[in-house]
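Structure, as structure tokens:
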Amino acid sequence: METRYHIGLLTGTLLILAILSYAYYADYNYRKEIARTEQTEQQETEQTVSTQGGAHKEEVYYLKNRNGYVIVYLDDQTSIYEYTNIRVEELPEELQNEIREGKRLEGKDKLYGFLENYSS
């Protein structure tokens, strides 16, 4: 009788251990899948943010004639960005016409390239 009792106790313990192991394994896989899903969503969000953040519009500047000198205006064409010592009459005729109409330059590189080329 005592042997049957020990065998039953051992079988019950092994059965409980097997159930607990399966429950732990199932919980582990469930949490792993949730973590993978969250990581994928986070990567998609980061890609979206980096794409949106990388596509920005360059600043726009306008060159205009004011009292015979080239003045740099911001995009609104009323706010002065920079005064220059470049005389309009010393520029080529075609460029003078563009400046009278308001020559548009996109980006600081183009602006400073122009200023370097025509400054004395």
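What's log10 of I(q)/I(0) for the chain at q = 0.17, 0.22 Å⁻¹, Debye sum over Cα points only, no solvent? At q = 0.17, 0.22 Å⁻¹ the computed log10 ratios are -0.88, -1.14.
Could you tell me what a quarter of the Cα convex hull surface of the stretch 60-118 works out to, in nm² with one decimal place?
Numbers: hull surface 14.0 nm².
Mean orientational projected area (the stretch 60-118, Cα hull): 3.5 nm².
Compared with the dominant Cα axis of the chain, that is its longest principal axis, helix 108-118 is turned about 20°.
Taken together, the values in this text are just the output of simple stated rules run on the coordinates, not laboratory data. Quantities reported herein were computed from a predicted structural model and do not represent experimental measurements.
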